[in-house]
Amino acid sequence: MATFQSADALRAAVGQSFGPTDWLVVEQSRIDAFASTTGDDQWIHVDVERAKSGPYGGTIAHGYLILSLVNLFLPDLVSVPNAKMGINYGVDRLRFPGVVRAGARIRAHAEMVSVEDVTDGVQVKVRVSIEVEGGFKACLCGRHTEPFLLLVL
């Protein structure tokens, strides 16, 4: 994990890469809980028996579930302990080029893209890529996915 004590330290890290994180197993129970929470209970996500004969040979995680896991991975990649608060500000050009089958392992990588001054803090743009173990494509594509984190220092 990269730890930054100031906005200047964040600025100095622009262009640097961080990670990978530890692997995380995406269990069917997590997929089911996400489906329940969001109301997206399409069979490809939650019907284990039907999905066996589907295009992926089993259930797959929702793309937005994988996106939400950025919040799980980001603190393992970048830390700003002196920040008074940090908030998610948005996402640019999001793509889901690959799938995550239930039971697959994923991990994240990050790149510091930019740090801009805003009132009372900085806006940090971090490009996050999430890979699937043994996969040919990222499941959350880094060259398109740029979560913003607004930090008040």
### Task
Working carefully through the options 15, 39, 57, find the one that is over 27 Å from residue 127 (Cα atoms), in contact with a strand residue (DSSP E or B) (Cβ under 9 Å, 6 or more places away or on another chain) and exposed (fewer than 12 other Cβ atoms within 10 Å of the Cβ).
57
### Task
Out of the residues in region 22-42 that are in a helix (DSSP H, G or I) and of a type in the set (Val, Ile, Thr), state the one that is nearest to residue 106 (Cα to Cα).
31
### Message
Given the options 88, 71, name the one that is loosely packed, with under 13 Cβ neighbours inside 10 Å, part of a strand (DSSP E or B), under 15 Å from the mean Cα position of the chain (by Cα) and not small (Gly, Ala, Ser).
### Response
88
### Query
Right, residue 45: in contact with a strand residue (DSSP E or B) (Cβ under 9 Å, 6 or more places away or on another chain), under 25 Å from residue 128 (Cα atoms) and free of Cβ contacts under 8 Å to residues at least 40 places away in the same chain or not?
yes
### Test: residue 114 is of a type in the set (Ser, Thr, Tyr) and crowded, with 20+ Cβ neighbours inside 10 Å
no
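Read-outs throughout are calculated quantities, based only on the coordinates presented, and are distinct from any laboratory measurement. The model shown is predicted, which means the values in this text are computed figures rather than measured ones. Please note: Cβ atoms are built from the backbone with ideal geometry, for glycine as well, and neighbour counts cover all protein chains shown.
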